[in-house]
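Participant: Have a look at the structure that comes next, please.
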Amino acid sequence: MYKRGDAAVLAVEKKVYAQEWCFVSGQISVAEVELLSRAFFVELLRSRDADEIYERLSKTRYRSIVPSPRDVEDLSALVEGFFKNEVSALQPYVPDQTIIDFFFFPEEIRKLRERLLDTASSERNQIPAIVEEFCLRVPGNFWNFFADVCSSYLRKASSGAATRREFSLFLDSVALGALSFGWAEALPEGTIRDAVRQYARYRLVSVVARALQTGATGEQIVSSLTATPVCRALPKDWEQRLCAPGGLRQAQPSGKLEVPLLGIFGIESREEIKSPGVLERIADDAATEILIGSKHYAFGPEKVFNYLWAIGIQNKNLRLCVGSVLGKLPADIIEDKLRREFV
């Protein structure tokens with residue numbers, strides 16, 4: 001039964017919650033004013049050269065990392081530093097460090113892949129321990145819950161029986177499993193958790209699509225995915241549907257995939273799969289669509305998460321636009337490839 005005293009406790013908790021998130025939310029309210037709109041990226045695509053790109057960037061917060069037109073060619077690396085600085089600047093003021101750690105996770109994945117995919121034969125016996133160490137850093141009981149699933153495959157990889165392509169797919173699947181079953185569980189419930197789970201689902205499809213484009217067979221994909229935590233979230237018949245005779249066709253000369261992968265992996269969509277790159281954009285947009293539901297929250301973890309997510313998407317759009325201008329690609333075609341932004 002509801003008691004009057006409960007309301008008083010709840011009021012105190014809400015006040016403390018607001019105070020904890022108030023300062024960092026105020027910082028973000030100031031910073032998010034300078035997030036870049038779609039109109040900016042459309043204009044950037046119309047730049048003729050590095051000088052015009054620099055001129056446009058000099059009117060944004062990126063002027064601090066692009067001090068001259070010569071630096072435009074290094075933008076891809078520079079924006080990574082910009083993002084790390086944004087995360088690090090907020091870190092001391094965020095009450096829930098899980099949010100901050102989540103945005104450092106992609107760098108952890110990159111380091112893991114670099115460390116393991118080129119492991120010398122004499123050092124392969126270290127693979128199981130390295131993967132276990134990585135998984136233990138994932139929030140929650142992630143590794144203990146899935147150790148039995150992964151261990152046999154790791155022994156196979158350490159013996160050299162797994163091809164580089166198969167092992168790469170395995171590592172991608174472990175990372176996506178960590179998002180779905182580790183980070184999503186640890187992050188605040190609501191739009192953040194829902195967005196991370198949806199992002200992982202779509203990214204799994206793009207990972208499989210890319211594996212198919214590079215020549216992986218359905219059997220190789222099944223072998224790698226079933227050894228990882230992410231397979232627990234897939235439809236029961238996904239292996240049969242992926243490997244069914246006539247159900248899997250390799251990429252056509254145009255580069256477009258004719259496989260209904262979204263359906264195979266349990267995602268309802270009317271959109272046809274064109275390429276892994278398109279699926280990666282869809283994954284970002286699907287998460288953004290969910291996060292926008294908390295766009296107008298005045299304070300709280302959503303405020304921080306949404307801002308850092310927005311910076312990450314903004315950086316992807318910047319890299320796409322600058323690379324396209326320097327590569328002399330048609331602006332109209334590239335415009336359709338832009339991620340959805342928060343502005």
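Participant: How many angstrom lie between the C-alpha centres of the range 154-186 and the range 96-139?
Facilitator: Taking the Cα centre of the range 96-139 as reference, the centre of the range 154-186 is 10 Å away.
Participant: I need the P(r) histogram for the chain: all alpha carbon pairs, bin width 20 Å from 0 out to the longest distance, whole percents.
Facilitator: With 20 Å bins starting at 0, P(r) equals 27, 55, 18, 1.
Participant: Using Cα springs under 10 Å in a Gaussian network model of the chain, which residue among Val87, Val278, Val322 shows the largest mean-square fluctuation?
Facilitator: Evaluated over the chain, the most mobile residue of the options is Val278.
Participant: Alpha carbon centre of the range 312-343 versus the range 273-306: separation in Å?
Facilitator: The two parts, judged by their Cα centres, are 17 Å apart.
Participant: Still on this structure, I have one more. Cα-based Rg (one decimal) and Dmax (whole number) for the range 277-343, in Å?
Facilitator: 13.5, 43
Participant: Charges on Cβ only, +1 for Lys and Arg, -1 for Asp and Glu, centred on the Cα centroid of the chain; of Thr119, Leu44, Thr228, which one is farthest towards the dipole's positive end?
Facilitator: Thr228
Participant: Right, next: How large is the translational diffusion coefficient of the range 87-205 in µm² per second when you combine the Kirkwood radius over alpha carbon pairs with Stokes-Einstein at 20 °C and 1.002 mPa s?
Facilitator: D, rounded to a whole number, is 141 µm²/s.
Participant: Let me ask something else about it. Treating each Cα of the range 120-189 as an identical point scatterer and ignoring solvent, apply the Debye formula and state log10 I(q)/I(0) at q = 0.21 Å⁻¹.
Facilitator: -0.87
Participant: In which sequence would Asp336, Asp101 go, from the one with the fewest C-beta neighbours within 10 Å to the one with the most?
Facilitator: Least crowded to most crowded, the residues run Asp336, Asp101.
Participant: So, R0 is 45 Å and r is the distance between the beta-carbons of Gln91 and Arg46; what FRET efficiency does that work out to, to 0.05?
Facilitator: 0.75
Participant: Below 8 Å, C-alpha to C-alpha, sequence gap of six or more: please give me the relative contact order for the chain in percent.
Facilitator: Details: 371 pairs, mean separation 84.4, N = 343.
About 25 percent, as a whole number.
Participant: OK, next. Let me know the charge dipole size of the chain about its Cα centre in debye, to the nearest 20, where only the beta-carbon of Lys, Arg (+1) and Asp, Glu (-1) is charged.
Facilitator: Using only the charged Cβ atoms, the result is roughly 280 debye.
Participant: Relative contact order (percent) for the range 94-294, with alpha-carbon contacts under 8 angstrom and 6 or more residues of separation? Let's see the in-between values first.
Facilitator: Numbers: 220 pairs, mean separation 43.8, N = 201.
Value for the range 94-294: 22 percent.
Participant: On average over all directions, what projected area in square nanometres does the range 94-294 have, based on the convex hull of its Cα atoms?
Facilitator: Numbers: hull surface 47.4 nm².
The directionally averaged projection comes out at 11.9 nm².
Participant: Mind sorting Lys303, Lys59 by how few other Cβ atoms lie within 10 Å of their own Cβ, fewest first?
Facilitator: Starting with the residue having the fewest Cβ neighbours, the order is Lys59, Lys303.
Participant: Further question: Which entries of Lys303/Lys337; Lys236/Lys295; Lys295/Lys328 show an alpha-carbon separation above 28 angstrom in the structure shown?
Facilitator: Pairs exceeding the cut-off: Lys236/Lys295; Lys295/Lys328.
Participant: How many nm is it between the label spots at Gln240 and Lys59, if each spot is 7 Å from the Cα in line with the beta carbon?
Facilitator: Going from the Gln240 label point to the Lys59 one covers 6.0 nm.
Participant: Rounded, prolate or oblate, given the Cα gyration tensor of the range 30-160, with a/c below 1.5 counting as rounded? Provide the component values of the computation, followed by the final result.
Facilitator: Values: a/c = 3.41, a/b = 1.94, b/c = 1.76.
Because a/c hits 1.5 or more and a/b exceeds b/c, the range 30-160 counts as prolate.
Participant: May I pose another question? Based on other C-beta atoms within 10 Å, arrange Cys22, Cys321, Cys150 from fewest to most.
Facilitator: By the 10 Å Cβ count, ascending: Cys22, Cys150, Cys321.
Since every read-out is calculated from the coordinates, none of them should be taken as a lab result. This one's a predicted model, so the numbers in the text were calculated from it and none came from an experiment. FYI the Cβ positions are ideal-geometry reconstructions off the backbone, even for glycines, and counts take in every protein chain you see.
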